[in-house]
Amino acid sequence: MIPAVDRSERASIVGPVLVFFGPGPWRYAETVNLTKFSDLGLRALMHMVGSGNARTTAREVAEAINAPRTHVSKVISRLTEFGIIDATRGRGGGITLVDGAEDYSVGAIVRFLEGPSPVIDCEHPHPCPFNVNCRLQHELAQAQEAFFVSLDAVTIKDITPVRHQVPHQA
């Protein structure tokens, strides 16, 4: 656990992430968050594992995870690129998980879905004056990778609620 620093700003620990709420008119909180895209991807995979990997559609997954179909369709497309989902177009088509998908690493999936985006943007909306000699972005990138590493040993099966898991047929 990260020790909180005694400062005039409020600080709190949220899991392994220290969150600062800055003073003055520019109050904000910077945390390591998953994008909604990654969240939807993990929820879609959890649903598919929990349903016993029955052939389904993006529409059915969207309804099951309470998300917009257009967003889920984009996530499914990206997960197909990753190789964890098999998609078949046309009549009788649909989506299924590839064999062994329930044992895929959550860390690997999240890294793929999140892409190589930095934790902070030092250029927008206001360029940072410390950008030239600043080590903050490097340190935050290391923290982000530590976050991903902490998810590497976790599988989709591990995060799928038990009540949604269908027993495997022998």
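The values are calculated or read from the model by the stated rules, or taken from the named source; none is laboratory data. Everything numeric in this text was worked out from a predicted model, so none of it was measured. Every residue, glycine among them, receives a Cβ derived from its backbone with ideal geometry; neighbour counts consider all protein chains shown. We work out accessible area using only protein heavy atoms, side chains counted, and drop any ligands, DNA or RNA first. Shrake-Rupley method; radii C 1.70, N 1.55, O 1.52, S 1.80 Å.
Of all residues in the stretch 91-105, those satisfying the criterion of being assigned to a loop (DSSP other than H, G, I, E, B), more than 14 Å from residue 42 (Cβ to Cβ) and touching a strand residue (DSSP E or B) at 6+ places or on another chain (Cβ under 8 Å) are 93, 98. Taking (1) open to solvent by 70 Å² or more (accessible area, probe 1.4 Å); (2) more than 14 Å from residue 59 (Cα to Cα) in turn, residue 90 satisfies each apart from (1).
Taking the condition under 23 Å from the mean Cα position of the chain (by Cα) and on the phi < 0 side of the Ramachandran plot, does residue 149 pass? The answer is yes for residue 149. Quick check on residue 95: is it surrounded by 12 or more Cβ atoms within 10 Å (Cβ to Cβ), modelled with pLDDT of 90 or more and under 19 Å from the mean Cα position of the chain (by Cα)? When the stated conditions are applied, residue 95 does not pass them. From the list 136, 79, the one residue that fits, being under 21 Å from the mean Cα position of the chain (by Cα), surrounded by 13 or more Cβ atoms within 10 Å (Cβ to Cβ) and either modelled with pLDDT of 95 or more or on the phi < 0 side of the Ramachandran plot (or both), is 79.
Screening residue 108 on (1) without any contact (Cβ under 8 Å) to a residue 40 or more places away in the chain; (2) in a helix (DSSP H, G or I); (3) out of contact with any Leu (no Cβ under 8 Å at 6 or more places or on another chain); (4) hydrophobic (A, V, I, L, M, F, W, C) shows it passes everything except condition (1).
Table: residues versus (1) part of a loop (DSSP other than H, G, I, E, B); (2) modelled with pLDDT under 95; (3) under 21 Å from the mean Cα position of the chain (by Cα); (4) farther than 30 Å from residue 162 by Cβ.
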| site | (1), (2), (3), (4) |
| --- | --- |
| 3 | yes, yes, no, yes |
| 7 | yes, yes, no, yes |
| 11 | no, yes, no, yes |
| 18 | no, yes, yes, yes |
| 34 | yes, yes, yes, no |
| 43 | no, no, yes, no |
| 54 | yes, yes, no, no |
| 63 | no, no, yes, no |
| 67 | yes, no, yes, no |
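The set of residues in the stretch 79-90 being part of a helix (DSSP H, G or I) and more than 15 Å from residue 156 (Cβ to Cβ) consists of 80, 81.
Are any of the residues in the stretch 58-74 over 17 Å from residue 159 (Cβ atoms), touching a Pro at 6+ places or on another chain (Cβ under 9 Å) and free of Cβ contacts under 8 Å to residues at least 40 places away in the same chain? Yes.
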